[in-house]
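The next block holds one structure in the form of structure tokens; read it before the comments.
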Amino acid sequence: MAAPVFLLAPPRSYTSLMNAMLGQHPEAFGLPELCLFNVETLGQLWIRDSDEMGGDAKTRHGLLRAVAEIYAGEQTMQSVRMAEHWCAARQNHSAASIYQELVAKIDPLVAVEKSPAYTIDVKRMRAIYRAFPDARFLHLTRHPVGQCKSVMSLYEGTWALFVNSIEFLADRAIVEPQYAWHDFNINILNFLDSVPLEQQMRVRGEDMMSDTQEYLGRICRWLRLRDDADAIEQMMHPERSPFACFGPLDALFGNDPNFLSGPTFRPHKVKVPPLDKPVSWREDGAGLKPEVVALAREFGY
Amino acid sequence: MSDSGDARKEGSRPKIGPVDGDPVTTHPDLEKLSSYQRGLREALLREFKARKVKKFVEKQVKYINANRQVAEEIKILFDENGQPPANAPMEDIIAERRQLEYQIKWFEAMVLELQTRLLRVREIEALALDVLDHSPEA
């Protein structure tokens, strides 16, 4: 069974684009966000265990779309219904065994997946590693200012609030996404400490955007996949992925909605902002925390 | 691009976020927060939810008014006798046609969604009746 590839990064770090690009390689299969390692058994994906933040149905969309596509060869309301039955029949199976079943089904293609929620907790990443000891992990980084601005622009920073990325001021609490940027990258680094070096690679998303073909080639060689011109050309078209669009009404998402609305890739040079200036999402003129700056420098920013 | 890893003790890098534990939807560890901070956090969540509800309601009101909007918009295509006006600009007619096509697509999607829900309810109903039929008291 081909060892899967997992992209590890906080959300809004080019993961959707990279996942779809790698998934378009002729020897790979790009999955939507399965979120399977968020839980221990499949049925738990259907259980809501807190009312603090509201609905979580979207976390199931990726899995339903993937099952529909893999087993029915299409994503329609009928095939999503089939996928729901497929899941219901396996509700007590472990998340790892479900994942292994899907990977075996698409073998010999290499499964490529990213669910940014995996980086919330080291335990989730360790569960991946236990299920797939030969998995490869690609740590994708993004400049903290770019990533935080992007997080705050999506549904008013819901994700940062969801993960308690909060700062307490004297008279109020505010959403401060840089805590999440720092701590999730730290989670990734702490996890990767236990993974052999040959099974991990770190790439700056900004480099990928400007020198895409060069970096795709490097990643292919690391993954021991073809790196010829045809393979690279196919990877330059993430919009051709069956998951690079909204799904049927029963399972619309499974990925970042911005990516689903416009998945076409255009290489571009990303302007890297300074690390020592006030940040735009703060009204009090504060900047990045020293720990955030130090980690960003470690990533080469 | 570089290989990860350094000389520090494996897996021991410290985090800086003020709240430990899983995300809010599971089990955040609020023990380290003072009661004042917990209150501030609660207020932030409440404010966020209120904004979310407000936006949802605004959106729903827009959909509810869709019928009236359609009626208002197609009025320009007819005069008081129910006939198209002689001097209607072509651009207006094309714009109206596009708008109507968009709204029809929206209604079709709504119908599809309702049909799906109906199917589900029928399935549950059939299953429940089946259970009743086979119960000892039946």
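Please treat every number below as a calculation from the coordinates, not as lab data. Just so it is clear, the structure is predicted and the values come from calculations on it, not from any experiment. Positions of Cβ are generated from backbone atoms using ideal geometry, with glycine treated the same way; all protein chains shown enter the neighbour counts.
Tell me the residue from A:V292, A:V270 that is more than 14 Å from every other protein chain (Cβ to nearest Cβ) and in contact (Cβ under 8 Å) with a residue 60 or more places away in the chain, please. Exactly one residue qualifies, and that residue is A:V270. Would you mind telling me which numbered condition in (1) touching a helix residue (DSSP H, G or I) at 6+ places or on another chain (Cβ under 8 Å); (2) within 11 Å of chain B (Cβ to nearest Cβ) A:R136 fails? Unmet condition: (2).
Filtered by the rule that a residue be in a helix (DSSP H, G or I) and farther than 30 Å from B:K15 by Cβ, the stretch A:250-297 gives A:D250, A:A251, A:L260, A:S261. Residues of the stretch A:228-255 that are among the charged types (D, E, K, R) and surrounded by fewer than 19 Cβ atoms within 10 Å (Cβ to Cβ): A:D228, A:D230, A:E233, A:E239, A:R240. Considered as a group, the residues in the stretch B:27-66 that are touching a Lys or Arg at 6+ places or on another chain (Cβ under 9 Å) and part of a helix (DSSP H, G or I) include one that is farthest from the other protein chains (Cβ to nearest Cβ), and that residue is B:A43.
For A:I188, the stated conditions hold: it is in a helix (DSSP H, G or I), in contact with a strand residue (DSSP E or B) (Cβ under 7 Å, 6 or more places away or on another chain) and at the interface with another protein chain (Cβ under 10 Å from one of its Cβ atoms).
Annotation note: of A:V112, A:V67, A:V145, A:V80, the sole residue that is β-branched (V, I, T) and in a strand (DSSP E or B) is A:V112.
Answer with yes or no whether A:I219 is in a helix (DSSP H, G or I) and within 18 Å of the chain's Cα centre (by Cα). When the stated conditions are applied, A:I219 passes them. The requirement of being within 11 Å of chain B (Cβ to nearest Cβ) and more than 18 Å from the chain's Cα centre (by Cα) is not satisfied by A:P177.
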